[in-house]
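The values are calculated or read from the model by the stated rules, or taken from the named source; none is laboratory data. For clarity, every value in this text was computed on a predicted model and none was experimentally measured. Quick reminder, even Gly has a Cβ in these numbers, built from the backbone with ideal geometry, and neighbours come from all protein chains shown.
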Amino acid sequence: MNKRLRIPDLGGARAMILHRPHATVEALTRQLRAIGLATSDHWPELPAAALGADYVFFDTDMGHDGQFPWKPGEAPMPMIALIGSEAPGRIEWALRQGADAQLLKPVGDNGVFSALLIARQAFESRRASGDEIAGLRQRLAERQTIVRAVTLLAARGKTEEEAFAQLRQLAMAWRETIEQAAARVVARHATEGGRDDRRELP
Amino acid sequence: MRIELGILFSREGSYRRISEACRSGALAAIEAVNADPALPIELVAVERDPQGNVDRYGPLCAEILRDSSARHIVGCVTSWSRKEVIPTLEKWDGSLWYPCPYEGFEASDRVVYANACPNQHLLPLLSWAFPRFGRRGYLTGSNYIWGWETNRVARDLIAEAGGEVAGERYLPLGDDDVSRLIDEIRATRPDFILNNLIGPSSYRFLAAYTALGIEDASFSPDRCPVLSCNLTECEFPALGSAAEGMIAAGPYFQTGAAPYGSSFEAATHDAVRTLALRLACVEDPGTASLSDLLRVPVRGGLTIDPGTHHATLPVLIAQVQGGAFRVLERWEDVVADPYLSHRDRRVAAPPTSLSVVK
């Protein structure tokens, strides 16, 4: 993960602030507008329109799960925690919400720009890892299919190694992943009835 | 009405020439304001000299705000010193009028940025240079925030334009061993050089590069010029003929019978005059806060964006020809975009047909 920082398009991006009316909200709004974002602040709840926001800043001191139009940890945008009390229970709650970055209160003259960049980067890499893990899980689940396909091909008088090589060639010829090719071999075998090599199946 | 005004410029150190230019602009502006019968205020300078030592800025800024009635300070040249004084300004309820170009990505509530940020210097300079010289740039700078960040933005702009970074090298502040820099430029043969070195490093580099241009015409100013966002008239005495051909961007250059000796002098003069015009318009200038001053409608002086506290400025591209700047391109009223988040605040690339160099 040594990629260069990609600076997100912040001009015209929408930030929503979930915090009771307070000097912190004013300082945050001033910084966000100077950077070029459109802002709105909300309390005690985020409206459903928050689903379209590009960034959400949320209070951890008085916050609770019911304030968000999504389940804890499932926010579809980067979330930045506004931390007053550094009590571990509150930090734990902020992390459960999916905080990608934080700002300590009182918010003063700076800190928002770096919080936006860090939160965006953390959010994107979290999402990319999530997609990658889902893909790997799926491939892992399909390992059983590969074992069955290799066994079926091997049953026609090949060694396991030759059978695996054949499966790989099939995948290449069909221009699909080895998992997809294996699924096809297994399916074909099932429809063709398997003839006498069926007894070779585990 | 008598109003004290803090002056915080270093009178020694590696950026002394810039600092002195700013200081004389401030003092001249104070004199002009005091002589102006239309302005019912008298400015009194409260001056401190950090002597080029970055650790002296914070304490001296506090001293001005604590020991005098001054609420506003004109000062600082480097970004480093500016960042040092901001916490002090917050603590003592003061404000800084900053007269130098800088690398952007800041919008303090306590600072007025009276000189250019990247969409008012670097972006116009490169978009002007690309079609004329090419998009293969060699980037250099002194090892601190100005050079790093300006060159980072330049890298992005070059990549965006489909160009290439031929090389990139930094020198420690004050270092004047430029031989490796020159060797790399000779070897990589870029289309232009972006110079973000400051002080003696810059003087030595420009002298060595001028010598290289005499030896090999591929490095002459009309084929591979040195571009700069902060080199101005105040450094000519240190540069001599090595300044010749250099191309710079800024809000002001001294041409013909212009009233100010240098770009920095002009910027600081404008900053102080803008402050004075606004002080003259508020009920209690002795205690008015910066946001009060920026809110008051006033004719004349710089236009300051109340959201970002940055000045709207003209952008000039100028080349040193025969020992003085000649303006090659000019845009009026460019609104600052300190975070480079507004594409609509980028100047449009000018036509190239009239001055094709290559």
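Checking the stated criteria, B:Asn119 turns out not to satisfy the condition of being farther than 30 Å from B:Gly301 by Cβ, in contact (Cβ under 8 Å) with a residue 12 or more places away in the chain and either in contact with a Phe, Trp or Tyr (Cβ under 9 Å, 6 or more places away or on another chain) or within 14 Å of another protein chain (Cβ to nearest Cβ) (or both).
All told, B:Ile304 meets the bar of being within 14 Å of another protein chain (Cβ to nearest Cβ) and either touching a residue at least 12 places away in the same chain (Cβ under 8 Å) or of a type in the set (S, T, N, Q) (or both).
Residues in region B:330-339 that are more than 8 Å from chain A (Cβ to nearest Cβ) and crowded, with 20+ Cβ neighbours inside 10 Å were compared, and the one that is nearest to A:Gly111 (Cα to Cα) is B:Ala336. Of the helices (runs of 4 or more DSSP H) lying entirely inside region A:50-162, those containing at least 2 residues that are loosely packed, with under 13 Cβ neighbours inside 10 Å and among the acidic types (Asp, Glu) span A:112-141.
Annotation: of all residues in region A:32-49 being among the small types (Gly, Ala, Ser) and more than 14 Å from every other protein chain (Cβ to nearest Cβ), the one that is surrounded by the most Cβ atoms within 10 Å (Cβ to Cβ) is A:Ser40. Considering B:Leu340, B:Leu294, B:Leu290, B:Leu302, the condition of being out of contact with any strand residue (DSSP E or B) (no Cβ under 6 Å at 6 or more places or on another chain) and among the hydrophobic types (A, V, I, L, M, F, W, C) is satisfied by B:Leu340 alone. Whether a residue is in contact with a strand residue (DSSP E or B) (Cβ under 6 Å, 6 or more places away or on another chain), farther than 15 Å from A:Met79 by Cα and either surrounded by fewer than 17 Cβ atoms within 10 Å (Cβ to Cβ) or within 14 Å of another protein chain (Cβ to nearest Cβ) (or both) was assessed, and A:Thr29 passes this test. Scanning region A:92-146 for residues that are within 14 Å of chain B (Cβ to nearest Cβ) and over 25 Å from B:Leu340 (Cα atoms) yields a single hit, A:Pro106. Does region B:273-288 contain at least one residue that is under 30 Å from A:Arg6 (Cα atoms) and of a type outside the set (Val, Ile, Thr)? The answer is no, given that none of the residues of region B:273-288 is under 30 Å from A:Arg6 (Cα atoms) and of a type outside the set (Val, Ile, Thr). Take region A:2-23 and flag every residue that is away from every other protein chain (no Cβ under 14 Å) and either charged (D, E, K, R) or in contact with a Pro (Cβ under 7 Å, 6 or more places away or on another chain) (or both). The answer is A:Lys3, A:Arg20. Contact annotation: residue pairs with Cβ atoms under 6 Å, 6 or more positions apart or on different chains, pairing a residue in region B:329-358 that is closer than 20 Å to B:Thr312 by Cβ with a partner that is of a type in the set (Lys, Arg) and at pLDDT 65 or above, are B:Val335/B:Arg345; B:Asp337/B:Arg345.
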